[in-house]
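Quick notes on the structure that follows.
Each reported figure results from applying straightforward, stated rules to the coordinates on display, with no laboratory input. Keep in mind that this is a model prediction, so the values were computed, not measured. Counting neighbours? That spans all protein chains shown, and the Cβs are built from the backbone with ideal geometry, glycine included.
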Amino acid sequence: MSVLLGRKAPDFSAPAVLGNGEIVDSFNFAETIKGKYALVFFYPLDFTFVCPSELIALDHRVDKLKELGVEVIAVSVDSHFTHNAWRNTAINDGGIGPVKYTMVGDMNHDICKAFGVESIGGDSYYPAGVAFRASFVIDKSGVVRAQHMNDEPIGRNIDELVRVVEALQFFEENGHVCPAGWNKGDAGMVNTPKGVAEYLAGNSEKL
């Protein structure tokens, strides 16, 4: 996996199904996220096992992410037509229903390769050629500020991704860094020796 932290997220154009169900031949990433936060959410394959639970969980939190100004974009190596079929399959039948975010079809694998998340097989549980369970939180200037990855059997915690966005915005707004376990409403830390000492004096037992 490439380390993209602190670097501009790779741009791409690809077919997609938008959150309103519209199928488009060319969805441009940079144009869509310009001036916004973004969450790029890679997953292995449509119509599989852990993946629908993640995508449904993401949909359950998409309104919260939109409140935070986040554009949510899911990516796999399936076609946009397969994405559309999965969206049009009832949850009780193994589908994901009409999720409210964009699903990009990376059929030529260029996006997975650009983000460094295409599996080569080996000792991983992933078959070669699919995308890892990888998540990228991107700021309003297009720079990657967080990236997470799990092996194939381990589903992601979408609430953690929301927390990371809130922590990033907290830091941007007041310059205080976010200690371990920080949640919205908690105190931040001034990143000086004095600030660390003051924070730990009042909060170390809660860590």
Measure up LYS8/LYS36; LYS8/LYS113; LYS64/LYS100; LYS34/LYS184; LYS66/LYS140; LYS8/LYS184 against 21 Å on the Cα-Cα distance and list the ones that go over.
LYS34/LYS184; LYS8/LYS184
Test item: Cα-centred dipole of the chain, Lys/Arg +1 and Asp/Glu -1 on Cβ, debye
480
Have a look at ASN28, ASN174, ASN150 and tell me which one the Gaussian network model of the chain (Cα, springs below 10 Å) gives the largest fluctuation.
ASN174
Tell me the mean residue ellipticity at 222 nm calculated for the chain from its helices only (DSSP H runs of n ≥ 4, each -39500 (n - 2.57), averaged over every residue, nearest 500).
-9000 deg cm²/dmol
For region 120-165, shape from the Cα gyration tensor axes a ≥ b ≥ c, cut at a/c of 1.5 then a/b versus b/c, turns out oblate
Contour minus end-to-end for SER124 and THR48, with contour as 0.36 nm per residue of separation and end-to-end as the Cα-Cα distance?
25.7 nm
Could you order the peptides 158-166, 197-205, 83-91, 39-47 from most to least packed, using the average number of other C-beta atoms within 10 Å per residue?
39-47, 158-166, 83-91, 197-205
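Classify the chain from the C-alpha gyration tensor, please: rounded if a/c falls under 1.5, else prolate or oblate depending on whether a/b exceeds b/c.
Details: a/c = 1.86, a/b = 1.80, b/c = 1.03.
In terms of gyration-tensor shape, prolate.
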Between PHE171 and SER13, take the C-beta separation as r, use R0 = 30 Å, and let me know the FRET efficiency to the nearest 0.05.
0.45
Any chance you could run the full-extension gain for THR192 through THR89? It's 0.36 nm times the residue separation minus the Cα-Cα distance, nm to one decimal.
31.8 nm
HIS109 and ALA180 label points (each 7 Å along its Cα→Cβ direction) are spaced in nm at 3.9
Name the shape class, rounded, prolate or oblate, that the alpha-carbon gyration tensor gives for region 26-144, where a ≥ b ≥ c are the square roots of its eigenvalues, rounded holds for a/c under 1.5, and otherwise prolate holds if a/b is larger than b/c and oblate otherwise.
oblate
Which order do the peptides 13-23, 126-136, 186-196 take when ranked by the mean count of other beta-carbon atoms within 10 Å per residue, highest first?
126-136, 13-23, 186-196
Once the Cβ-Cβ distance between ASN203 and LYS140 is put in as r, and R0 is 45 Å, what FRET efficiency do you end up with, to the nearest 0.05?
0.95
May I ask you to evaluate 6.51 cos²θ - 1.76 cosθ + 1.60, the Karplus curve with θ = phi - 60°, for each residue of region 7-19 and list the ³J(HN,Hα) values in order in whole Hz, giving x for glycine and proline?
10, 4, 5, x, 7, 7, 10, 7, x, 7, 10, 7, x
